Structures are given as C-alpha cells and as structure tokens.
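Q: Dumping the structure here so I can ask a few things about it.
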C-alpha cells in the first residue's frame with residue numbers, strides 16, 4: 001500500500017515493526033504503536049471532537 005510513496009520519518013523498518021508486534025503479543029498487549037511517536041499522534045486525533053474531526057480533510 002505504501003511502496004510507491006517516498007519514505008520519510010513517519011515510516012518504520014519492517015524488521016523493527018515485526019519485532020515490536022512479536023514482543024507486544026508476548027506481553028499480551030491490546031494496542032501497539034510502532035514507531036512510538038504514533039501514540040502521541042493518535043492521542044491528539046482521539047481527543048478531537050467528532051464534529052470537528054468529520055470536517056477535517058485527513
């Protein structure tokens with residue numbers, strides 16, 4: 001899905017993601033953010049009121 005996109009700081013290496021998923025499964029975590037800064041990004045998105053979020057062009 002992203003092979004055609006230029007890689008930047010938002011992309012993670014496959015082996016890092018795979019290891020994080022493996023460790024998350026072993027730790028029985030329900031949610032894993034890889035790379036870690038996605039936790040902050042998703043926190044901001046979750047706290048946007050729905051009426052405003054629906055008007056955004058994301």
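Q: Looking only at helices (runs of 4 or more DSSP H) that lie completely in the range 2-58, which have at least 3 residues being out of contact with any helix residue (DSSP H, G or I) (no Cβ under 9 Å at 6 or more places or on another chain) and surrounded by 10 or more Cβ atoms within 10 Å (Cβ to Cβ)?
A: Here the list reads 14-26, 38-46.
Q: What pairs come up if the first residue lies in the range 39-52 and is within 19 Å of residue 10 (Cα to Cα), the second is modelled with pLDDT under 95 and surrounded by 11 or more Cβ atoms within 10 Å (Cβ to Cβ), and their beta carbons are under 8 Å apart, counting only those six or more places apart or on different chains?
A: Once the first residue is within 19 Å of residue 10 (Cα to Cα) and sits in the range 39-52, its partners that are modelled with pLDDT under 95 and surrounded by 11 or more Cβ atoms within 10 Å (Cβ to Cβ) give 39/33; 42/33; 45/53.
The values are calculated or read from the model by the stated rules, or taken from the named source; none is laboratory data. If you're wondering where the values come from, they're calculated on a predicted model, not measured in any experiment. Positions of Cβ are backbone-derived with ideal geometry, glycine not excepted, and every protein chain shown enters the neighbour counts.
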